[in-house]
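To keep things clear, I will list the structure first and then write my remarks on it.
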Amino acid sequence: MSLTRYILNQEDRELAVLFEGLDTPGVSDALDKLGIAGQCHGLAPLDNYRKAVVGTAFTVKYVPAASPPGTVGDFIDEVEPGQFVVLDNDGRTDCTVWGDNMTEYAGARKIAGTAIDGVCRDVAKALGDGNPLFIRGRYMRMGKDRVQVEAVNVPVAIGTVRVCPGDIVVADANGVVIVPRARAREWPKRRAPRSRPAHLRSGSRCASQACAWPTATSSSRTTTV
């Protein structure tokens, strides 16, 4: 279910709606044409999500914990419905910044999804609740007393991709792409369906009939894979 209708800010909602119903391969192709490197390499979906999720970025920057240590998840009360949480934990995989409590809050607040330059835990809760997570891995050790929030809604990085507050985040089973807010309205000019192979185009024999893989017979060595 799309959560863009819950976005409170009208301009945010209008920008997010431009990307509804799209997938990350199509958006990635458009970014290439625009010369924008917005593909978040290394982030994988927690589940094989059937549809893309879209939201505006709410960014959080983590740093190693000070003495005394600061907080890890208090920012969640500031996230608005339909926003997409982007957590920059500097790619750390030795401690998590997202667990079952955060998943619970995310569902209650109708948060679109979460992208983490790092790891998550309490996977069963996230899968059971259908909370879209995009991560570098899973690890059970908590981040409390190991990392802390340095700032929210500031420019952050997911690998080599810069993410600013309000940027458009599109994520699905293929991964995560970031569209800079300032260039989001250029998308309709680049929006075109991806080309289909000639044998699948309208009017072709295969387009009107079911195409089957070759079947091995006594006179053929063709096998399916």
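Descriptive notes on the structure:
- For the stretch 81-128, dividing the convex hull volume of the Cα atoms by the residue count gives 61 Å³ per residue.
- Rounded if a/c under 1.5, otherwise prolate or oblate - the stretch 129-185, Cα gyration tensor axes: oblate
- Loop-resident chymotrypsin sites (Phe, Trp or Tyr not before Pro) (DSSP state other than H, G, I, E or B) in the stretch 26-112 with no more than 16 further Cβ atoms inside 10 Å of their Cβ are absent.
- Computed lengthening from residue 154 to residue 173, 0.36 nm per intervening residue step minus Cα-Cα distance: 4.2 nm
- Over the stretch 40-126, volume per residue of the alpha carbon convex hull, in Å³: 106 Å³
- Neighbours of residue 150 by Cβ distance under 14 Å: Lys/Arg scored +1, Asp/Glu scored -1, total -1.
- Taking a ≥ b ≥ c as the square roots of the eigenvalues of the Cα gyration tensor, the stretch 88-168 is classed as oblate, since a/c reaches at least 1.5 and a/b does not exceed b/c.
- Relative compactness, the stretch 1-81, computed as alpha-carbon Rg over 2.2 N^0.38 Å: 1.38
- Normalised by 2.2 N^0.38 Å, where N is the number of residues, the alpha-carbon radius of gyration of the stretch 4-190 equals 0.96.
Any read-out appearing in this document is the output of simple, stated calculations on the displayed coordinates, not a laboratory observation. From a predicted model like this one, the values you see are computed outputs, not experimental measurements. Note that each Cβ is placed from the backbone with ideal geometry, even for glycine, and that neighbours are counted across all protein chains shown.
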